[in-house]
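Here the structure is laid out as structure tokens; the discussion comes afterwards.
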Amino acid sequence: MAMDRQSTGSWCGKVRMGYLPVLLVALVSLKDTTASPAMSVTLHGITDTLKPEYAKYADSLKTGEAAFIDAEKLFADFDTKEGWKKEGHHSGFSVHQKMMADGKITIVSAPLDGTVEEVMHETWGGIDGLSSWNPTISFAEIIAPLTDYSDIVYYGNNDILVIKGREFLTVRLYRPTATGYIMASRSIDLPEVKSKSGKIRANVILAASQFRADPSNPRKTLCDVVLQAELKGDLPKKMVEQSMPAVMALVTEQNIKHFKELAKYS
């Protein structure tokens, strides 16, 4: 039976009014979903997914993903050695620098005692004990263990050469690769993590390590470490870039010593 104009208008009005709240909820939900940062990242076939209680760190996880991608590209470039200049002469390791679009990047290459698995396990899991054996580190702690492959770390270093101690708040992310592991980190901004050291909080543009088995000795690991940072304060950028090879050399000497000591008990 056909409806007259009056009944039809009344019926349509009821439908519109009835569905309006549902439509509004759907639109709000859609807006919230598209505006929220991704809760997961996938690299090398492994997906990191944040638990609901860590949703506020979604941007940090994406920063870790970007750092890892940049680190992979940088290590691939370093393997060619094209444009990389060797800095100084060091016993047991080498230091190289290269001028990039945003400044000089420093990489230290050193063999470490221990298998790739052992070295990676200690580097990733040894944060809490870092300051006990490394005199360049004043404190280190994990703020949030985001996933099995990513976390947020707050740490500080002591004065090194002409550079006063700084503190750092970074996200770390690692992945196994065809030849070993790559671990990358980058500074993040979390207003709720207040300074506890009184030090200037520096900006880590990229810090990363590449671990590969030594083909001549399976009990050794070839390690490449890259660091590019804005130390802030009143230090000129050029002075920081010139000092970085010497600073990283001192840190590398401590790492070599530490892994040699650990190898005695493995």
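The values are calculated or read from the model by the stated rules, or taken from the named source; none is laboratory data. Since this is a predicted model, take the numbers as computed values, not measurements. Here the Cβ positions follow ideal geometry from the backbone for every residue, glycine too, while neighbour counts run over all protein chains shown. Calculation scope for accessible area: heavy atoms of the full protein, side chains included, ligands and nucleic acids excluded. Shrake-Rupley method; radii C 1.70, N 1.55, O 1.52, S 1.80 Å.
Side notes on the structure shown:
- Checklist (1) under 15 Å from G114 (Cβ atoms); (2) touching a helix residue (DSSP H, G or I) at 6+ places or on another chain (Cβ under 9 Å) applied to A229, failing item: (1)
- Evaluation of I256 against the conditions (1) crowded, with 19+ Cβ neighbours inside 10 Å; (2) aliphatic (A, V, I, L, M); (3) under 25 Å from S132 (Cβ atoms) shows that the sole unmet condition is (1).
- Some residue of the stretch 123-140 being open to solvent by 20 Å² or more (accessible area, probe 1.4 Å), charged (D, E, K, R) and modelled with pLDDT of 95 or more: no
- Within the stretch 209-228, residues that are more than 11 Å from S109 (Cβ to Cβ) reach partners that are charged (D, E, K, R) and surrounded by fewer than 19 Cβ atoms within 10 Å (Cβ to Cβ) with beta carbons closer than 8 Å, at six or more positions or on different chains, in the pairs K220/D214; T221/E118; T221/R212; T221/D214; Q228/D102; Q228/K104.
- The one condition in (1) modelled with pLDDT of 95 or more; (2) within 22 Å of K237 (Cβ to Cβ) that G88 fails to fulfil: (1)
- Enumeration of residues in the stretch 188-216 that are over 20 Å from K164 (Cα atoms), open to solvent by less than 70 Å² (accessible area, probe 1.4 Å) and more than 14 Å from the chain's Cα centre (by Cα): L190, V193, F211, R212, A213, D214
- Among the residues of the stretch 172-187, those that are part of a strand (DSSP E or B) and either closer than 16 Å to E72 by Cβ or open to solvent by 40 Å² or more (accessible area, probe 1.4 Å) (or both) comprise R172, L173, Y174, R175, P176, G180, Y181, I182, M183, A184, S185, R186.
- Any hit, the stretch 109-119, residues being part of a helix (DSSP H, G or I), in contact with a strand residue (DSSP E or B) (Cβ under 8 Å, 6 or more places away or on another chain) and either open to solvent by less than 50 Å² (accessible area, probe 1.4 Å) or of a type in the set (S, T, Y) (or both): yes
- Among the residues making up the stretch 53-99, those that are outside any helix (DSSP H, G or I), hydrophobic (A, V, I, L, M, F, W, C) and open to solvent by less than 50 Å² (accessible area, probe 1.4 Å) are W84, F93, V95.
- Residue list for the stretch 141-150, restricted to those being within 26 Å of G45 (Cα to Cα) and surrounded by fewer than 17 Cβ atoms within 10 Å (Cβ to Cβ): I142, P145, D148
- Residue count for the stretch 233-266 satisfying the condition of being at negative phi and either not in a helix (DSSP H, G or I) or not aliphatic (A, V, I, L, M) (or both): 21.
- Residues in the stretch 151-171 that are over 17 Å from I137 (Cβ atoms) and either open to solvent by 10 Å² or more (accessible area, probe 1.4 Å) or not in a strand (DSSP E or B) (or both): V162 only.
- Matching residues, the stretch 74-91, being more than 20 Å from L250 (Cα to Cα) and among the hydroxyl-bearing types (S, T, Y): T80
- Scanning the stretch 222-232 finds one or more residues that are open to solvent by 80 Å² or more (accessible area, probe 1.4 Å) and in a strand (DSSP E or B).
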